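The values are calculated or read from the model by the stated rules, or taken from the named source; none is laboratory data. Quick caveat: nothing in here was measured; it's all calculated off a predicted structure. Note: ideal-geometry Cβ built from the backbone for every residue, glycine included; neighbour counts use all protein chains shown.
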Amino acid sequence: MTRVRTTEGLTEAMNTLAESLNTASSQLAGLTVSPRLSAVHEVLQDRLSVAAQSLSDSDQTELNARCGGVAYTSQKVQRKLRADLNGAIVPLTRLKLKFGGSLPDAGPEPKVVRPSNGEILVRSGAAGSGRLKVTNGTANDVAVSIVTDGKPPGEPHVMAYIQAGKVATITQVGGAYHIYFKTGTDWNPTRRQFGAGCAFQKFDQPFGRNEGWQVNLEPTLGGNAKTTEVEAY
């Protein structure tokens, strides 16, 4: 997992390792050990099975890798693997038995840096007199991208961070544009992406030049602004 560079490669590595851990657990079940080792022998089988089950959740991992990056997601998987196996590593070490020495060390979890509500993360291109009031009535933080007509969502004119349950107004918006927004957890300020649990959407309607608009990100009855799920950006 430390060498993978693609989402597919990470998924394949996880599935291969899960199979190996399940095989090892089954082989251990067929062994007879001394009474001194019987308790930790059972713990080791259990921890191997738990770790294999965690690695088998490849669908969510694939989504996380597409939004948070393969390297970041791989490190999270490695930390989870070590945590799953730690229940066996500790008692085995006390018995002076080596186990887990080849596990990769991804280091501590990075500190989560949550931007302030309304913080402008990106601003590029010519400013204008347009205004956009965003109400985030959802339970998740959102990164809203104002994308100039004809540009891809990865090249926003303005990107702003709206915390869950809060309102912010984006000013000096120039040109006609589309609105994209993404949600999730574990915000990465360097990549300007959420690292897990991501979802990506776009308002179907375009927004005019130098106009004032209000949008609510929480679906409401009678709402007149439809949204569509889009690929990760």
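Worth a mention:
- The C-beta contact set for the stretch 10-25 (first residue in the same structural domain as Gly69 (by TED's automatic domain parsing), second residue of a type in the set (A, V, I, L, M) and at pLDDT 95 or above, distance under 6 angstrom, 6+ apart or interchain) comprises Ala18/Ala52; Leu21/Leu48; Leu21/Ala51; Leu21/Ala52; Asn22/Ala52; Ala24/Leu48; Ser25/Leu48.
- Residue count, the stretch 130-140 (criterion: within 21 Å of the chain's Cα centre (by Cα) and either modelled with pLDDT of 95 or more or among the hydrophobic types (A, V, I, L, M, F, W, C) (or both)): 2
- Pair list, Cβ < 8 Å and 6+ apart or interchain, from the stretch 56-71 residues that are touching a residue at least 12 places away in the same chain (Cβ under 8 Å) and closer than 21 Å to Leu21 by Cβ to residues that are surrounded by fewer than 16 Cβ atoms within 10 Å (Cβ to Cβ) and not hydrophobic (A, V, I, L, M, F, W, C): Ser56/Asn15; Ser58/Asn15; Asn64/Gly197
- Considering residues of the stretch 23-54 that are among the charged types (D, E, K, R) and within 19 Å of Asp84 (Cα to Cα) only, the residue surrounded by the most Cβ atoms within 10 Å (Cβ to Cβ): Arg47
- Residue selected from the stretch 1-55 under the condition at pLDDT below 95 and of a type in the set (Lys, Arg), by the criterion nearest to Leu97 (Cα to Cα): Arg36
- Some residue of the stretch 118-129 being among the polar types (S, T, N, Q) and either within 17 Å of the chain's Cα centre (by Cα) or within 18 Å of Thr228 (Cα to Cα) (or both): no
- Scanning the stretch 78-115 for residues that are among the aliphatic types (A, V, I, L, M) and buried (at least 16 other Cβ atoms within 10 Å of the Cβ) turns up Leu81, Leu85, Ala88, Ile89, Leu92, Ala106.
- Residue that is surrounded by the fewest Cβ atoms within 10 Å (Cβ to Cβ) [pool: residues in the stretch 200-220 that are over 26 Å from the mean Cα position of the chain (by Cα) and not in a loop (DSSP other than H, G, I, E, B)]: Gln214
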